[in-house]
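The structure appears below as structure tokens.
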Amino acid sequence: MSKRVVVLGPPGAGKGTQCMLLAAARGLLHLSTGDLLRAEVAAGSSLGQQVKAVLDRGDLVSDDLVLAIVRHRLSLHQGGWLLDGFPRNSTQAAMLDDLLADLKQPLQVALQLQVPEEELVARLLSRGRSDDNEAVVRKRLQIYVRQTEPINAHYQGRGLLQCVDGLGSVEEVATRICNSLDECAPSEETMC
Ligand code: AMP
């Protein structure tokens, strides 16, 4: 069954890895705004140079820019998709609602990967990305708590939020996600 899923969770929760596996297993489009922004940086465009400075500070790029990226990709796509790293704040969540209403592609699940903060810091510091030094990592986690975590309530209120424990091996977490998505409605176990 084709699925339209927003994957939520702090930096380092494993969203990218799990989305990659799930997209391959189920033939879904994996749309990672972080990956698309890093590709822009790698291409060395003038937009890429501006984006690089924002990424290196650990700040968020503008809502309009990421919305334009997501709108472009989703409007070209027919089947199911996984959104990874978007929305990141309540403005983006509202923009996504409007976009999906326009595209007549209602969201089916908001999947929240849960991992304790100290484990996140350890994971991020071992990853070695240019925006993964300790000061930037702590800032990204702070931005997550202040701006991104509150949008869970937005999805919970609509009965779409499902929580999955993100601790354990990649395979263990992947199995939990599959089980969670195969429920027609959030089960007691996956309700946050
Ligand atoms: P990620 O790969 O999702 O951890 O994203 C890496 C960086 O890309 C973030 O720290 C932000 O600077 C930027 N970014 C990714 N997605 C978004 C978004 N939805 N809104 C704003 N900035 C974003």
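The values are calculated or read from the model by the stated rules, or taken from the named source; none is laboratory data. Source: prediction; values computed, not measured. Quick reminder, even Gly has a Cβ in these numbers, built from the backbone with ideal geometry, and neighbours come from all protein chains shown. Areas reflect the complete protein model, heavy atoms only, side chains present, ligands, DNA and RNA absent. Shrake-Rupley method; radii C 1.70, N 1.55, O 1.52, S 1.80 Å.
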Legend entry - Positions within segment 127-180 being in contact (Cβ under 8 Å) with a residue 12 or more places away in the chain, surrounded by fewer than 20 Cβ atoms within 10 Å (Cβ to Cβ), among the polar types (S, T, N, Q) and closer than 25 Å to residue 37 by Cα, in sequence order: 130, 147, 152
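Each row is one residue, and each column tells you yes or no for (1) at pLDDT below 95; (2) within 21 Å of residue 28 (Cβ to Cβ); (3) away from the ligand (no atom under 15 Å from the Cβ).
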{"residue": "52", "(1), (2), (3)": "no, no, no"}
{"residue": "70", "(1), (2), (3)": "no, yes, no"}
{"residue": "80", "(1), (2), (3)": "no, yes, yes"}
{"residue": "103", "(1), (2), (3)": "no, yes, yes"}
{"residue": "108", "(1), (2), (3)": "no, yes, yes"}
Legend entry - Residues located in segment 88-111, provided they are of a type outside the set (A, V, I, L, M, F, W, C) and open to solvent by 10 Å² or more (accessible area, probe 1.4 Å): 88, 89, 90, 91, 97, 98, 102, 104, 105, 106, 108
Inset, instruction - Report whether or not residue 168 is over 20 Å from residue 87 (Cβ atoms), modelled with pLDDT of 95 or more and in a loop (DSSP other than H, G, I, E, B). - result: yes
Legend entry - Test set (1) at pLDDT 95 or above; (2) polar (S, T, N, Q); (3) more than 25 Å from residue 40 (Cβ to Cβ) - residue 126 fails condition number: (1)
Legend entry - Flag for residue 16 being in contact with an Asp or Glu (Cβ under 7 Å, 6 or more places away or on another chain), closer than 21 Å to residue 140 by Cβ, among the small types (Gly, Ala, Ser) and open to solvent by 20 Å² or more (accessible area, probe 1.4 Å): yes
Legend entry - Hey, residue 124 within 15 Å of the ligand (Cβ to nearest atom), open to solvent by less than 30 Å² (accessible area, probe 1.4 Å), closer than 30 Å to residue 72 by Cβ and not charged (D, E, K, R) or not: yes
Inset, instruction - From (1) part of a helix (DSSP H, G or I); (2) within 15 Å of the ligand (Cβ to nearest atom), pick out the condition that doesn't hold for residue 119. - result: (2)
Legend entry - Only one of 101, 25 that is touching a residue at least 60 places away in the same chain (Cβ under 8 Å) and over 13 Å from the mean Cα position of the chain (by Cα): 25
Legend entry - Of all residues making up segment 30-50, the number that are more than 9 Å from the ligand (Cβ to nearest atom), open to solvent by 30 Å² or more (accessible area, probe 1.4 Å) and under 23 Å from residue 14 (Cα atoms): 5
